[in-house]
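In what follows, a structure is listed as structure tokens, so that the remarks can point back to it.
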Ligand code: GLU
């Protein structure tokens, strides 16, 4: 009995060879320096912020070198698979404009290197495994979970490296006949790779981000095919990235420790090794000031869903991700005001090694800058498309009268130094709600408490306050006036009620006055908006117009009197 008999027993229906696969998946016809990259998520849940980062970089590298970026679904771990997660991942990638040149899409696959779903590539893996078995480089292992548990316990007790290797790799030593007979007797098995390595040896590898590394050689006989006939990640990675002609593997740094396994497999199969770039894990500084990995369980920002629901613009998120990817990107943006991450040339050697730090304040900064840079029509379209999907209350509010919304959102916009008050679109609801009369009417009584708690207003006698408010109601003009003219008018009315319009003078004799002009303006602001903090008051008045102004002043005065 030979290894060929064993291979035929295990895979009776596999007739193709690795050479057949090489012919089926020929080299790509690309420029010599074009990179082929991929994003290879497992459908185990929603798109993680770290995965978004990885896919964004992979896409960028392919694009800037004139290469190919493709999407492969790694669904061989059926236990961890979540129903519908694959579809969700594809949709979310689309939402982030990380479009693929090849691979799996919502309408099937595109590209000639597929299938791009691992569970549909069973035959391909088995062709390769069959050849490994024939060459004596892989073998069936019949150890049960219990056998492996006992092995681990023994190794732990004797302070040995744990695992299935060398003298501990029991099934390595089965004769071909023994293995053949056990399979014939229906004993369950997995297939292991027969490692020729020794962990005392060092291997030298190059990582595009980390440079030259020295790692211990792999000596574990890792499982390459599970009992369900599907491959493990290690094996599938090597086979897929070889036949799909990936030139550079961009993946999370958690895979760095298994790199010796992968290299050994590439070598054993005579496949050309790809380049590797192990991307830093995204970290955050937690409440206690400690740096730690973004956690799916603890951190809402670990899932990209959080940003989409909050209404962070895609462009701001990607700008932010590029800023944590390459330290020179922000400098580039400052020097090139009309450029963005699409124009920037990303490089692996400018990536920080000690973990990319997630900083929401910085994201807020990019987002504010971006949202402030949009004209009223563009921000309105963005608000509508976002709110329709994620924020029904905002959608309903804006849809009441889109032109009215445009006027509101245009306050201090479309100018050289626009107002930068929104870091995400969900904040707009609260930022504009006071423009709507039903809100004003329903909240006036509740908000009055806040009004009277203001330290400057609380000092003013109620009668004086009412007189001032009445005068404002009857005499304040803003329609067809410039902002300056309006303000002069306001000052005039305020002076009549003993508010001081000269700050120096007020500071010298504060007790002589009801307050200064700033308090007089704040009273007006609050009466009109139920807030002390708003954008330009003159603009607000013009949008609300005379009728609403009159109504609100009257309601405000009456509410104080009641
Ligand atoms: N399926 C693996 C994961 O989701 C992919 C790692 C890789 O990119 O090779 O972690």
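FYI, it's all coordinate maths here, none of it is from the lab. None of the values given here were measured: they were computed from a predicted structure. For neighbour counting, all protein chains shown are included, and Cβ atoms are generated from backbone atoms with ideal geometry for every residue, glycine included.
Laid out as a table, the results:
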item: Viscosity 1.306 mPa s, temperature 10 °C, Stokes-Einstein D of segment 511-551 from Kirkwood C-alpha radius, µm²/s; result: 144 µm²/s
item: Angstrom value of the Kirkwood radius, inverse mean 1/r, which spans all Cα pairs in segment 172-228; result: 14.1 Å
item: Segment 305-340 versus segment 353-385: alpha-carbon centroid distance in Å; result: 8 Å
item: Cα-based helix-to-principal-axis angle, 537-561 vs the chain, degrees rounded to 10; result: 70 degrees
item: Largest-first principal axis extents, alpha carbons of segment 101-202, Å; result: 54, 36, 27
item: Pairwise centroid distance, computed over Cα atoms, of segment 234-258 with segment 519-562, Å; result: 63 Å
item: Residue-averaged [θ]222 nm for the chain, counting only DSSP H segments that reach four residues, each worth -39500 (n - 2.57); result: -14500 deg cm²/dmol
item: D (Stokes-Einstein, µm²/s), Kirkwood Cα radius, segment 36-111, 1.306 mPa s at 10 °C; result: 128 µm²/s
item: Additional length obtainable on full extension of the chain from residue 390 to residue 112, 0.36 nm per residue less Cα span; result: 96.4 nm
item: Segment 145-184: C-alpha pair distances exceeding 14 Å, %; result: 53 percent
item: Values of log10 I(q)/I(0), in the order q = 0.10, 0.12, 0.16, 0.17 Å⁻¹, for segment 148-303 under a Debye, Cα-only, solvent-free model; result: -0.51, -0.71, -1.09, -1.16
item: Principal-axis tilt of helix 233-243 within the chain, Cα atoms, nearest 10 degrees; result: 90 degrees
item: Rg over Rh, two decimals, the chain (C-alpha only, Kirkwood Rh); result: 1.16
item: Where labels lie 7 Å past Cα in the beta-carbon direction, separation of residue 97 and residue 331 in nm; result: 2.6 nm
item: Ranking of 89, 52, 469 by count of other Cβ atoms within 10 Å, fewest first; result: 469, 52, 89
item: For 258, 55, order by how many other beta-carbon atoms lie within 10 Å, fewest first; result: 258, 55
item: Kirkwood Rh and Cα Rg combined as Rg over Rh, evaluated for segment 212-354; result: 1.04
item: Projected label distance in nm at residue 257 and residue 273, using a 7 Å step from Cα toward the beta-carbon; result: 2.1 nm
item: C-alpha long axis of helix 145-157 to longest principal axis of the chain, angle in °; result: 80 degrees
item: Kirkwood-based shape ratio for segment 384-491, expressed as Rg/Rh from alpha carbons; result: 1.03
item: Segment 361-403 - convex hull of the alpha-carbon atoms, volume per residue in Å³; result: 71 Å³
item: Length-normalised contact order for segment 462-549 - Cα pairs under 8 Å, 6+ apart - percent; result: 26 percent
